[in-house]
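In what follows, a single structure is set out as structure tokens and then discussed.
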Amino acid sequence: MAKQHIGRCELCGRDEVTLTEHHLIPKEMGGTFLNTAMICIPCHKQIHALYTNEELAGRLGTIEALRSDEKLSKYIKWIRKQPAGRLVRTRKSNSRRKYGR
């Protein structure tokens, strides 16, 4: 299991949250030894619910790109208002649900 820490999420900016290491380029796409970001568990789950590894590697390989993406920016705006300890439900995007990914 990956190491977890308490701190500030690099994506949503919430403090005192449990952080996990997110490979900005997925390991399966060659990102094993490339840049990572420490992000909270809800943000991490939401990223992987919305995007395929191909999308992440191709156009969302930086924190700035993730923040500025239309689907994720709406989520970030909402999650910033949530308390650090709140359990958040993650939903797949409609496009990912159709294809069972």
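Close Lys pairs in the chain, defined as Cα atoms under 22 Å apart and 8 or more places apart or on different chains, number 17.
Label-to-label distance for residue 18 and residue 33 is 3.1 nm, based on points extended 7 Å past Cα in the beta-carbon direction. For residue 11, the amide hydrogen comes within under 5 Å of the amide hydrogens of 40, counting only partners 5 or more places away or on other chains and with H modelled in the peptide plane. Oblate is the label for the chain. Its Cα gyration tensor axes, ordered a ≥ b ≥ c, give a/c of at least 1.5 and b/c at or above a/b.
Can you give the accessible area per residue of the chain, in Å², using a 1.4 Å probe?
Working: 6540 Å² over 101 residues.
Roughly 65 Å² per residue, with all protein chains present.
Amide H to amide H distances under 5 Å link residue 19 with 5, 6, 7, where only residues 5 or more positions off or on other chains count and H is placed in the peptide plane.
Can you show me the helix-derived [θ] at 222 nm for the chain, built from DSSP H runs with n ≥ 4 at -39,500 (n - 2.57) apiece and divided by the number of residues, rounded to the nearest 500. That comes out to -10000 deg cm²/dmol.
The values are calculated or read from the model by the stated rules, or taken from the named source; none is laboratory data. Just so you know, these numbers come straight off a predicted model, no measurement behind them. So basically every Cβ, Gly included, is an ideal-geometry build from the backbone, and we count neighbours across all protein chains shown. We work out accessible area using only protein heavy atoms, side chains counted, and drop any ligands, DNA or RNA first. Shrake-Rupley method; radii C 1.70, N 1.55, O 1.52, S 1.80 Å.
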